[in-house]
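Accompanying notes for the structure given below.
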Amino acid sequence: MTGGRVISFREAITEALRQEMRRDARVILMGEDVAGGAGRQAQGLSEAWGGAFAEYKGLFTEFGDGRVLDTPISEMGYLGAAVGAAVTGLRPVAELMFVDFIGVCLDQLMNQAAFARYMSGGRVHVPLTLITHVGAGVGMAAQHSKMLYSFFAHIPGLKVVAPSSAYHAKGLLTAAIRDDDPVVFCAHKLLLGQSEHVPEEPYAFPIGQARVAREGRDVTLIGAALTTSVCLRAAQALEEDGIDAEVVDLLSLSPLDEETVLASVRRTGRAVVVDEGFPRCGLAVDVAALIGERAFDDLDGPVRTVTAPHAPVPFSRPLETAFMPSADQVRAAVLDLTAPNTGPSGRTGA
Amino acid sequence: MSGETRAAAGAPPSRDDVLRLYATMALIRAFDQRVATLVLKGAFSGVGHLCVGQEAVAAGVCAALRDDDYVTSTHRGHGHCLAKGVDPGEMMAELFGKATGTCHGKGGSMHIADFRRGMLGANGIVGAGLPIACGAALTAKLTDSGRVTVAFFGDGASNIGAFHESLNLAAVWKLPVVFVCENNRYGEATPVEYALSAEHVADRAASYRMPGLIADGQDVLDVYGKAREAVAHARSGAGPVLLECETYRYFGHFVGDPARYRSAEEVEWYRARDCIIRCAEYLRERHGVAVKQLDEIGAEAERRLDAAVAFAESGTAPGLAAILEDVYGEARA
């Protein structure tokens with residue numbers, strides 16, 4: 001994708017919402033300060049924040065308070081209201097400012113939104129999109145920095161996407177809003193400012209479809225959200241080592257595009273899965289198990305994982321930086337994997 | 001039924017209105033008493049949360065609603081479903097886990113939902129229906145449909161966060177929702193006097209600046225009257241109402257719970273104020289309805305239950321492929 005208009009990941013979210021809200025009057029947006037906070041009219045402001053991460057700037061002005069709803073700090077209340085609105089004909093987009101807040105409202109996502117279709121025998125569907133912010137790197141410590149996307153992917157009935165770039169953010173958010181099932185849209189905080197070419201016209205990128213972000217012959221590096229760029233940097237560094245790495249960008253965690261992952265690993269014979277989430281029962285081991293079960297005969301060595309350590313996200317900058325998977329760690333894992341006559345030396349970071 | 005339009009504001013319910021309320025209560029009682037028998041026989045899996053004794057609340061509140069109004073329910077929800085018009089045969093088939101059930105056997109007793117009837121779902125999670133009711137009411141408000149949503153919940157749920165978040169949200173957004181608390185005095189085995197900081201659940205309405213009403217939940221006419229008032233308030237655009245109905249369950253928390261946490265005297269005190277007996281007395285004394293006619297209403301309810309059980313027993317279990325059906329995908333009509 002070269003040439004054309006360049007916008008940021010943040011602006012791509014705004015644009016997807018604006019276009020879908022214009023296209024479909026049933027689409028509404030609700031969350032804490034998605035308009036800009038109470039008292040705006042009294043101060044003569046049409047809006048202020050446009051969300052804590054400013055992805056919704058301009059939407060209140062265009063669509064008004066019947067479509068863009070500031071909520072009290074009541075995640076259980078408004079996420080449940082989004083479920084109720086979804087089962088009665090609207091297509092709500094709810095924002096959970098930080099994914100870490102899921103602890104105070106999980107029931108409405110896990111027991112209500114995810115299972116309504118199943119437990120009603122298919123009599124109802126829940127066209128709900130939950131936009132949430134994930135990831136470390138912004139100095140906010142353990143209660144505002146987790147990934148938790150594996151946690152959502154664990155629950156049948158939920159779909160989970162984790163775009164790695166502005167182009168896919170727009171396409172996946174558009175697809176999420178048009179989807180008849182609940183979709184958790186995980187926006188990594190460090191990606192919001194990243195820009196690239198994004199077409200102006202509306203488009204949906206299919207949920208459940210991964211992409212090969214870089215082609216290579218020797219090893220497959222698998223990432224999602226921010227770790228896709230970590231894999232790409234590692235792949236570039238590995239050129240100096242004479243290793244030609246392929247990068248698979250998962251984009252969706254649920255459904256998982258198993259075939260794209262397996263096809264790549266069958267070509268390269270080696271795999272390193274890179275995941276900013278916690279190592280136990282997470283995305284990295286899930287994908288590693290998939291490869292082990294379905295592509296074992298094509299492997300030239302063990303599947304390696306590079307993850308965050310099994311520790312809360314630390315605050316101190318050097319600790320936080322060390323916590324997050326790095327291109328150096330990925331490169332080291334690949335070199336370990338491709339070195340002659342060496343066995344597996346365990347997980348990196350775990 | 002559309003009691004609201006039949007019984008214009010303030011007018012006492014007609015003889016036919018009260019007969020319909022009586023018939024609804026008789027059907028609910030017949031249903032849950034039959035469920036008790038079937039659970040004890042081991043006819044199907046799961047526990048039965050019975051509302052025997054509480055029939056007046058479901059009957060009185062739902063009679064105040066339009067057909068297209070919404071209801072969210074609880075783990076003790078058979079009465080709400082029946083009062084909202086869900087088919088007893090499909091409900092019984094659901095309890096039996098049959099493909100012919102309301103939810104094709106995927107939900108069971110605690111999760112009956114029938115969107116054709118505005119029944120948005122019983123719920124296995126205490127308090128979970130209240131935020132969902134706010135959402136249904138939000139849809140009604142934003143689409144100007146004029147629909148009202150009733151959230152049924154118990155005294156126990158009034159202590160969970162979802163209750164407080166929902167009342168606040170409904171109040172600040174002025175949502176057309178009526179929160180109906182069925183205070184049956186026990187959250188499982190814990191008495192309300194122990195668990196509730198307020199004297200009445202309805203007292204909590206004041207914190208959210210909404211009307212708080214208390215009805216005698218053993219008197220279907222009192223419930224019906226207060227529900228009409230609450231529904232009219234919500235439908236007018238004036239915002240939510242909290243209606244507490246003081247009631248009692250004759251069975252324990254589940255079928256087989258001996259309920260030793262309460263005295264025989266207490267149970268007898270409530271049984272002496274039974275909602276169906278009192279409604280029968282009212283119909284005889286006020287409207288001269290013959291005992292024979294009331295008996296026939298009871299007999300008709302039993303015949304409908306015979307047919308419901310026969311329908312349930314004749315159904316087949318879902319095929320094993322159903323395990324993976326409706327996890328994702330397009331909704332059926």
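The values are calculated or read from the model by the stated rules, or taken from the named source; none is laboratory data. None of the values given here were measured: they were computed from a predicted structure. For neighbour counting, all protein chains shown are included, and Cβ atoms are generated from backbone atoms with ideal geometry for every residue, glycine included. Calculation scope for accessible area: heavy atoms of the full protein, side chains included, ligands and nucleic acids excluded. Shrake-Rupley method; radii C 1.70, N 1.55, O 1.52, S 1.80 Å.
Surface composition of the stretch B:160-202: carbon and sulfur atoms hold 52% of the protein heavy-atom accessible area at a 1.4 Å probe. Distances between placed amide hydrogens fall under 5 Å for A:V68 paired with A:L29, all partners being 5 or more residues away or on another chain.
If you take the Cα centroid of the stretch B:30-98 and the Cα centroid of the stretch A:153-216, the two points sit 42 Å apart. For chymotrypsin sites (Phe, Trp or Tyr not before Pro), the sites in the stretch A:246-350 that DSSP calls loop and that have at most 15 other Cβ atoms within 10 Å are A:F315. By DSSP, the beta bridges lying fully in the protein assembly as shown are antiparallel in about 15 percent of cases. So how tilted is helix A:75-87 from the main axis of chain A? Cα-based, degrees 0 to 90, rounded to 10. Between the helix axis and the principal axis of chain A, the angle is about 80 degrees. Modelling each spin label as a point 7 Å along the Cα-to-Cβ direction, I'd like the A:D24/A:M140 distance in nm, to one decimal. Distance between the two pseudo-spin positions: 2.7 nm. Exactly which chymotrypsin sites (Phe, Trp or Tyr not before Pro) in the stretch A:116-204 are in a DSSP loop and have at most 14 other Cβ atoms within 10 Å? Those satisfying the criteria are A:Y203.
Among A:V83, B:V327, A:V104, the sequence by solvent-accessible area, most first, with a 1.4 Å probe is A:V104, B:V327, A:V83. With a Förster radius of 41 Å applied to the beta-carbon distance between A:H310 and A:D180, the computed FRET efficiency rounds to 0.65. At an R0 of 30 angstrom, the distance between the Cβ atoms of B:A36 and B:A11 translates into a FRET efficiency of 0.20. Plugging the Kirkwood radius over Cα pairs into Stokes-Einstein for the stretch A:211-337, at a temperature of 20 °C and a viscosity of 1.002 mPa s, what D comes out in µm²/s? In µm²/s, the coefficient rounds to 150. Computed over protein heavy atoms with a 1.4 Å probe, the accessible surface of chain A works out to 36 Å² per residue.
Note on B:V47 and A:R280: the model spin-label points, each 7 Å out from Cα along the C-beta direction, lie 3.0 nm apart. Over all pairs of different C-alpha atoms, the stretch A:5-198 has a mean inverse distance whose reciprocal, the Kirkwood radius, equals 16.6 Å.
Shape class of the stretch B:1-133 from the alpha-carbon gyration tensor: prolate, with a/c at 1.5 or above and a/b greater than b/c. Seen against the Cα atoms of chain A and their longest principal axis, helix A:258-268 is set at about 30 degrees. Binning the C-alpha pair distances of chain A at 20 Å intervals from 0 yields a P(r) profile of 31, 56, 13, 0 %, listed from the shortest bin outward. Inter-label distance, B:S207 to A:D328: 5.3 nm, where each label sits 7 Å from its Cα along the C-beta direction.
Counting protein heavy atoms only, the stretch A:211-337 has 51 percent of its accessible area on carbon and sulfur, 1.4 angstrom probe.
The long axis of helix A:166-178 is offset from the longest Cα principal axis of chain A by roughly 50 degrees.
Three semi-axes describe the equivalent ellipsoid of the stretch B:15-313; taken as square roots of 5 times the Cα gyration tensor eigenvalues and ordered largest first, they are 27, 21, 21 Å. Taking B:F311, A:F98 and ordering them by how much accessible surface each has at a 1.4 Å probe, largest first, produces B:F311, A:F98.
Computed with a 1.4 angstrom probe on protein heavy atoms, the B-A interface buries about 3200 square angstrom of accessible area in total. Cross-linked pairs B:K98/B:K174; B:K106/B:K174; A:K189/B:K106; A:K57/A:K159; A:K170/B:K174: Cα-Cα separations exceed 31 Å for B:K98/B:K174; B:K106/B:K174; A:K189/B:K106; A:K170/B:K174. Between A:T321 and A:R266, the contour length at 0.36 nm per residue exceeds the alpha carbon distance by 16.5 nm.
Nearest 5 percent is fine: what portion of the DSSP beta bridges confined to chain A is antiparallel? Around 20 percent of the beta bridges assigned by DSSP in chain A are antiparallel ones.
Here A:K159 sits with roughly 30 square angstrom of accessible surface, probe radius 1.4 Å. The alpha carbons of the protein assembly as shown stretch over 98, 63, 44 Å along the principal axes, in descending order. The fraction of all Cα pairs in the stretch B:177-263 landing in successive 10 Å bins from 0 to the largest distance is 17, 42, 29, 11, 1, given as whole percents. Relative to the current alpha-carbon distance between B:Q293 and B:F115, full extension at 0.36 nm per residue lengthens the span by 60.7 nm.
Sparse packing (at most 16 other Cβ atoms within 10 Å of the Cβ) combined with a DSSP loop state is found for the following GluC sites (Glu not before Pro) in the stretch A:194-259: A:E200, A:E215, A:E240. Each of A:V124, A:Q108, A:A48 was scored by the projection of its Cα onto the charge dipole of the stretch A:5-198, and the greatest displacement toward the positive side belongs to A:V124; charges sit on the C-beta of Lys, Arg, Asp and Glu. Between B:L320 and A:A237, the FRET efficiency from the beta-carbon distance, with R0 = 60 Å, is close to 0.75.
Once Lys and Arg get +1 and Asp and Glu get -1 on their Cβ, which of A:A225, B:I277, A:L90 lies farthest toward the positive end of the dipole of the protein assembly as shown? Sorting the options by dipole projection puts first B:I277.
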